[in-house]
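The values are calculated or read from the model by the stated rules, or taken from the named source; none is laboratory data. A quick note: this is a predicted structure, and the numbers were derived from the prediction, not measured. Positions of Cβ are generated from backbone atoms using ideal geometry, with glycine treated the same way; all protein chains shown enter the neighbour counts.
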Amino acid sequence: MTQRRRSRNPFRLLRDRLAEIERNSATRPGGRWRRANEYALLFSLPVAIVLGYLFDDLDVTVEREQNVMFRIGREGIDGPVIVVRHDPEYDQQPWAMTLPLGTVMVETRLIRRGWPVASVVERPAPRLVMTLILAPDRRIALADRAGVVAIESETGVSLDGVREAVIDTLEGATSLANLASAIRRNETTTTRSWGASIAAGGATWLLLFVVSTIAIRTAQLTAWMHARLRRRRVVRRLRAGRCPDCLYDLHLERFPKRCPECGRRIWS
């Protein structure tokens with residue numbers, strides 16, 4: 001006897017699974033509530049996959065690392081930009097220029113995205129973040145032209161040529177040339193961990209199934225309590241000799257099959 005080949009069509013597999021759930025619900029105890037649980041287990045998987053892709057846009061952590069610091073200044077108002085590498089541990093040392101402007105930090109970032117497990121890691125290009133002496137509470141990314149123009153108008157300090165001077169200084173140092181090339185490329189590297197993606201999808205699937213099961217059981221308990229209260233109300237009204245629906249007095253009727261007023265079945 002030839003064995004029937006199992007279809008790989010996902011829509012046909014879904015249809016066969018739904019039909020199997022309907023068949024099993026007719027023979028297994030639990031009825032519609034068990035069927036609802038099996039539906040929840042089946043349909044929470046595609047929902048978890050969709051949510052997994054949506055959760056990739058969530059920032060879980062942003063790690064910043066400050067690689068190297070420079071002091072920036074000029075010898076005159078219109079003089080060229082002077083860049084001097086500086087160690088933050090020796091912050092009390094005098095500045096090596098006549099007109100100090102501020103400090104520039106080469107900052108690299110590592111952005112982890114995804115929930116509940118970070119599955120996507122982004123490595124943006126390094127940033128040149130400057131802090132002016134006249135505005136010590138402000139940090140300006142030198143690549144942000146709008147921010148540079150705003151701080152120039154506030155402080156009256158010109159930052160023309162600062163970014164290029166810092167990059168040229170980085171290229172001049174053998175150990176820092178890779179940072180300079182990364183800043184010029186301005187590329188973001190994105191890597192995905194499929195193991196973490198599968199783990200996040202599984203956790204989301206489990207969470208959705210648990211939440212849906214709690215909701216189904218709550219609805220089942222509510223329906224059971226409602227049916228129990230309704231049954232008690234019907235028994236109490238019948239014992240009082242009245243119709244359970246319209247409260248018609250049935251004392252004058254002898255074993256009535258239906259209520260003469262509303263037609264509700266009383267005795268089978």
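Counting just the residues of region 31-81 that are of a type in the set (D, E) and in a strand (DSSP E or B), which one comes out nearest to G114 (Cα to Cα)? Step through it out loud before you land on a result.
Taking region 31-81 as the starting set, the residues that turn out to be of a type in the set (D, E) are 38, 56-57, 59, 63, 65, 75, 78.
Still in the running and in a strand (DSSP E or B): 59, 63, 65.
Details: D59: 7, E63: 15, E65: 21 Å.
The qualifying residue nearest to G114 (Cα to Cα) is D59.
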> Restricting attention to region 189-212, does a residue exist that is over 36 Å from the mean Cα position of the chain (by Cα) and charged (D, E, K, R)?
Replying inline: no
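Determine, yes or no, whether R228 is charged (D, E, K, R), in a helix (DSSP H, G or I), under 30 Å from C259 (Cβ atoms) and touching a Cys at 6+ places or on another chain (Cβ under 9 Å). Let's see the steps before the verdict.
Details: charged (D, E, K, R): yes; in a helix (DSSP H, G or I): yes; under 30 Å from C259 (Cβ atoms): yes; touching a Cys at 6+ places or on another chain (Cβ under 9 Å): no.
Taking the combined requirement at face value, the residue does not satisfy it.
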>> For H251, only one of the following conditions fails: (1) surrounded by 11 or more Cβ atoms within 10 Å (Cβ to Cβ); (2) at negative phi. What is its number?
In response: (1)
> What are the residues in region 147-194 that are assigned to a loop (DSSP other than H, G, I, E, B) and hydroxyl-bearing (S, T, Y), if any?
Replying inline: S158, T188, S193
> Which one of these is at pLDDT below 80 and in a helix (DSSP H, G or I): R17, R8?
Replying inline: R17
> Do any residues in region 48-63 that are surrounded by fewer than 13 Cβ atoms within 10 Å (Cβ to Cβ) and of a type in the set (S, T, N, Q) have Cβ atoms under 8 Å from those of residues that are at pLDDT 80 or above and part of a loop (DSSP other than H, G, I, E, B), where the two are at least six apart or on different chains, and which pairs are they?
Replying inline: T61/A118
> Inside region 176-217, can you point out the residues that are more than 24 Å from I140 (Cα to Cα) and touching a strand residue (DSSP E or B) at 6+ places or on another chain (Cβ under 9 Å)?
Replying inline: T190, T191, R192, S193, A196, S197
